[in-house]
Each structure stands twice: as structure tokens, then as C-alpha cells.
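All remarks here apply to the structure that follows.
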Amino acid sequence: MRDVHIVIGILALSLNLLAFVLGAVAWLRRQPSAWFWRILRGGQAVVALEAALGGILLLMGRKATNLHYLYGALPLVVALIAEQLRLSAATMVLDAHELEDAQAVGRMPPEQQRQIVVEIMRREIGSMALAALVVTVLLARAATVVH
């Protein structure tokens, strides 16, 4: 079971690192990336699985340092905070442009609509890509403080 926990941890770390790289590229290019979202969601699922496996190991009597538990649990918190930032991206962009709602964007010329949509997309990708980087660092740190 410990070996499975290690393999899943490496997978979680790798997927989150890849999500960060894909997200950074999409953010810089100002282009959406379906692969970024797929890899990110896969990485999040594997982090949840890794935390569950860690909990099972703990219940089985396997002990690690308190820092290992902290660094293992924090990625879940980071992901939740990032999701809240992602959900508020559209509101923040609309407020910055003094637009009351999405219908106001629909009344704008097509080029301005596109600029608003790209700005929202970049904010969403940026917050989630940074979260993936933080999760990667936390998982790497968890791996170094096992005992």
C-alpha cells in the first residue's frame, strides 16, 4: 500500500506540474487549452486519491511526520481556493470594465466582446495554473518530509 501511495504521489506531482506548464503557455499565448483543463482536473482527482490513500495508511498505523500530513492536505485547500478565484473571474473582469452583467458584453462590438472573453479566460487559466504550481511544490515537499 505504501508503494501505491508513492506511485500515486509521483503521478499527482507530475500531472500538476504538466498542468502548470500547459496553463502558463495558454496564458502567455492568450489561447484556451482543452488539454490544460483535462490535465488539471486529472491532477486534482489524483491529489484527492493520494490524500485518501494517505488517510488509509494512517488508519492502518503507518506514521509520517506532521509536516508530511500538512503538505499532503494543503493541496486540497489550494485547489478549493483556486476554484473560488476561477468562479469569480468573470465578475472581476466585468466589474473592472464597469459592465453590469454578461448581457452588457453581448451589446458590445464583436472585437470588444472577444477582448472581454479572452481576459476572463486568461484570469481563469492563470489562477488555476498558479494553483497547480503551488500544489506541485507542496507535493514535492510532502515527499521530502515523510519521516
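Whose amide H sits under 5 Å from the amide H of V145, counting only residues 5 or more places off or on another chain, with H placed in the peptide plane?
Answer set, sorted by chain and number: none.
For the chain, take the longest principal axis of its alpha carbons; what is the angle in degrees between that and the long axis of helix 66-87, to the nearest 10 within 0 to 90?
Around 20 degrees separate the two axes.
Counting only helical runs of four or more DSSP H residues, what would the 222 nm mean residue ellipticity of the chain come to if each run contributes -39,500 (n - 2.57) and the total is spread over all its residues?
One gets -29000 deg cm²/dmol as the mean residue ellipticity at 222 nm.
Only sites in a loop by DSSP and with at most 15 other Cβ atoms within 10 Å count here; which GluC sites (Glu not before Pro) in the range 69-137 make the cut?
Filter output for the range 69-137: E98, E100.
Under a no-solvent Debye model with one identical scatterer per Cα of the chain, what's log10 I(q)/I(0) at q = 0.10, 0.21 Å⁻¹?
Log10 I(q)/I(0), no solvent term: -0.42, -1.17.
What do you get for the angle between helix 110-144 and the principal long axis of the chain? Use alpha-carbon atoms, 0 to 90 degrees, nearest ten.
10
T144 to A48: extension gain in nm, 0.36 nm per residue of separation minus the Cα-Cα distance?
Length gained, T144 through A48: 32.6 nm.
If I model a spin label as a point 7 Å beyond the Cα along the Cα-Cβ vector, how far apart are those points for L99 and R41 in nm?
Going from the L99 label point to the R41 one covers 2.5 nm.
None of the figures in this text is laboratory data; all of them are computed from the coordinates on show. Because the structure is a prediction, the values reported are computed rather than measured. So basically every Cβ, Gly included, is an ideal-geometry build from the backbone, and we count neighbours across all protein chains shown.
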